[in-house]
Amino acid sequence: MNFPWNELLFHGNWMITMAQIGAPFLVIGVIAVITYFKLWKYLYKEWFTTIDHKKIGIMYLLCAILMFVRGGIDALLMRTQLTIPNNTFLEANHYNEIFTTHGVIMIIFMAMPFIFGLWNAVVPLQIGARDVAFPVMNNISFWLFAGAMLLFNLSFIVGGSPAAGWTNYAPLAGEFSPGPGVNYYLLAIQISGIGTLMTGINFFVTILRCKSPTMKFMEMPMFTVTTFITALIVILIFPVFTVTLALMTIDRIFGTQFFTVANGGMPMLWANFFWVWGHPEVYIVVLPAFGIFSDIIPTFARKHLFGHKSMIWATAAISFLSFLVWVHHFFTMGNGALINSFFSISTMLIAVPTGVKIFNWLATLYQGRISFESPMLFSLAFIPTFTIGGVTGVMLAMASTDYQYHNTYFLVAHFHYTLVCGVVFACFAALIFWYPKMMGYKLNERLNKPFFWLFVIGFNVCFMPQFILGLDGMPRRLYTYMPSDGWFMLNVISTIGALMMAASVLFLVANIIYSHLKSPRIASGDSWGLGRTLEWSTASSVPPVYNFAIIPDWDDLDTFVDMKKQGRHYLDNHNYKDIHMPNNTPVGFFMGIFMTIGGFFLTFETIIPAIICLIGVFGCMIYRSFQEDHGYYIPASEVAATEAKLREAREKEREAASHA
């Protein structure tokens, strides 16, 4: 084994040096705390090996929030560098590394796990299921993601981060990027992508096969519908990117020439393959966000979602068109007029079903009895700000004018107005909205409000000036500029907005800590008292391990609301039976370890240890294949006792509320 030890620690600026020194102490500190409080057995049995979709959802969300902070720090470093002309805070290559890791982390390791965490936490409950279709696969999916997240973040302190942009275009990412940085990109996203594909398959089958027998597709909650359509997109497009990543990996490690000009390689092949995956990838995170808003707005407007079926058809139309627009990402790269015209028209067409959704949300608000809890505030803020992103998207869809906008800060502002307003607003709204379903108590509304206002105002202060900077010709990916360019004041304003967004996150972190210590625990499953879908019909705020003692019926979108009006509830049925549940498994945890270690060795082109780790992965598969695991049964008597205990807690809560 000829491991390149000299490449492990590299000499960067003071930030990288501090990270290299601090990281080992952080790891030692975490291990020491876990050991001191004797948590290893608890964590292994209850979390590392769990197949409970609710716990897996929480682990996804914890990782996503951590990565949001990590990606946010990258963004603050970039804004600091661009605040003043001729700034030397970051040198050119370090800036390139930071904007590359910022993009990858925010899309792959923040937005997607946030969405997958919500899928796990909410979707099985919304369809009346006791778990996902493939619980073991769910565990494996999470640990592949977690291992890939660790591997990618390791690049900051070991070997060097990728610096070819989050799009990783050839030939820059090929022969012009020596060292392990791009290998980290390729292998981390590859490992995470395998887990993502498994998640897509899992939830596609879960919604098809595990929903309540009386639930019809066109009557499902919108978050579940968008999850189903998004899972189909995942199944269709992630194999494309898996192959694309594999081709560049063997280009870099084994010397093939798929994407280099030498020996007949085609750099544009990467651009096409990447965006064949990349634009549907945008809708993998945006469509579930639309589903989130479609559940939150009716809840706090106290109204049925206007045009529910048209929303489903609009979602399907957007998903179909998402496969027909990828060339708009490179209108300026030499395509003919006919090709550019086709993809220009197909891109503009997406505005039609998106407009249907916007008007349906507005119609739902019309004459509603609206209350302004923080999830609703994020939903209301989303509508006008996302519309700005959509309108500027139509501007970019015009191939002729795209020559002016392309690779300027106008484009940067546009995709932040779509992805931050469309996805991050939704993630925060959903986190607050469904927090009681995961933790058993609400986040404090007094702290939610300053978080909302600071984040939304800061976002607009940060990115609105970037439209003007782009129209004034400021290129994206620029690490410095001259005073004579005239961009100083707008960059200062943009940085102030970024600092406001950072300050808002401090309110969120403080709220999580404060609410854990101070918020009253909720016994009722309908935590907001306004629930319209099945996740609010459970016997407790955090559902028991089996979710539903009796699988609920679902006749139409207003079934649960109508039952509450009539004084009835699913919990009135006490005809309990034995419930079959799956056992926990260590397979995913150890597969994740083998994948991560193998990916690390392959990053440094050390083949033999990587092969050994691959054998370990196959060993885990073989172990699982020959394991006789038929799960276990929860006796009806135990179910009855649990339900009685939860019923008593709800009655005490109602009695306390009546005397308050």
| said: At 0.36 nm per residue, and after removing the present C-alpha to C-alpha distance, how many nm does the segment from residue 86 to residue 69 gain when stretched out fully? | reply: 3.4 nm
| query | Which percent of the accessible heavy-atom area of segment 413-474 goes to carbon and sulfur, probe 1.4 angstrom? | reply | 71
| request: Could you give log10 I(q)/I(0) at q = 0.05, 0.07, 0.08, 0.11 Å⁻¹ for the chain, computed by the Debye formula over C-alpha point scatterers of equal weight, without solvent? | output: -0.23, -0.46, -0.61, -1.19
| For residue 362 and residue 656 in the same chain, what is the full-extension length gain: residue separation times 0.36 nm, less their Cα-Cα distance, in nm? | 102.1 nm
| task | May I ask you to evaluate 6.51 cos²θ - 1.76 cosθ + 1.60, the Karplus curve with θ = phi - 60°, for each residue of segment 97-107 and list the ³J(HN,Hα) values in order in whole Hz, giving x for glycine and proline? | result | 5, 5, 6, 5, 5, 4, x, 5, 5, 5, 7
| P(r) of segment 418-533 in 5 Å steps, Cα pairs, percent per bin? | 2, 10, 16, 17, 14, 12, 9, 7, 6, 4, 2, 1, 0
| Where does segment 85-174 land on Rg(C-alpha)/(2.2 N^0.38 Å)? | 1.47
| message | Given R₀ = 51 Å, what would the calculated FRET efficiency be for residue 240 paired with residue 496, taking r from the Cβ atoms and rounding to 0.05? | response | 0.80
| Computed P(r) (all Cα pairs; segment 288-391; 5 Å bins; percent) | 2, 12, 20, 20, 15, 11, 8, 6, 4, 2, 0
| note | Descending packing, highest mean Cβ count within 10 Å first, for 423-429, 433-439, 335-341, 153-159 is 423-429, 433-439, 153-159, 335-341
| query | Once the Cα gyration tensor of segment 492-543 is found, what semi-axes does its equivalent ellipsoid get, as square roots of 5 times the eigenvalues, in whole Å, sorted largest first? | reply | 34, 15, 7
| said: Starting from 0.36 nm per residue, how many nanometres of slack lie between residue 169 and residue 647 once their C-alpha separation is accounted for? | reply: 166.3 nm
| Percent accessible area from carbon and sulfur atoms, segment 119-234, protein chains only, probe 1.4 Å | 74
| message | Applying a 10 Å radius around every beta-carbon, put 565-573, 118-126, 96-104 in order of their mean neighbour count, most first. | response | 118-126, 96-104, 565-573
| What nm distance separates the two modelled labels at residue 370 and residue 93, each placed 7 Å from Cα along Cα→Cβ? | 5.3
| note | Taking placed amide H atoms and a strict 5 Å upper bound, the residues 5 or more places from residue 408 or on another chain that come that close are 476
| field | Derived scalar couplings ³J(HN,Hα) [segment 158-167; Karplus, 6.51 cos²θ - 1.76 cosθ + 1.60; whole Hz; x for Gly, Pro] | value | 10, x, x, 7, x, 9, 9, x, 5, 7
| So which of 211/437; 41/577; 55/564; 54/211; 211/449; 38/449 end up more than 27 Å apart by C-alpha? | 41/577; 55/564; 211/449; 38/449
| For residue 39 and residue 612, FRET efficiency with R0 = 35 Å and r from the beta-carbon atoms, rounded to 0.05? | 0.70
| task | Counting other Cβ atoms within 10 Å, keep those with at most 11, restrict to DSSP loop, and tell me which trypsin sites (Lys or Arg not before Pro) in segment 36-129 are left. | result | 38
| field | Integer Hz, Karplus 6.51/-1.76/1.60 couplings in order for segment 415-426, x for Gly and Pro | value | 6, 6, 5, 8, 7, 6, 5, x, 10, 5, 4, 5
| said: Can you compute the FRET efficiency between residue 503 and residue 257 using 1/(1 + (r/R0)^6), with r the Cβ-Cβ distance and R0 = 41 Å? Round to the nearest 0.05. | reply: 0.25
| message | Kirkwood Rh over alpha-carbon pairs of segment 609-660, then Stokes-Einstein at 10 °C and 1.306 mPa s: what D in µm² s⁻¹, rounded to an integer? | response | 101
| task | Skip the ligands, DNA and RNA, and give the accessible area per residue of segment 519-621 with a 1.4 Å probe, whole Å². | result | 43
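The values are calculated or read from the model by the stated rules, or taken from the named source; none is laboratory data. In this text the structure is predicted, and so the values were computed from the model without any measurement. Using ideal geometry, Cβ is built from the backbone for each residue, glycine included, and neighbour counts are taken over all protein chains shown. Surface accessibility is based on the protein's heavy atoms, side chains included, excluding ligands, DNA and RNA. Shrake-Rupley method; radii C 1.70, N 1.55, O 1.52, S 1.80 Å.
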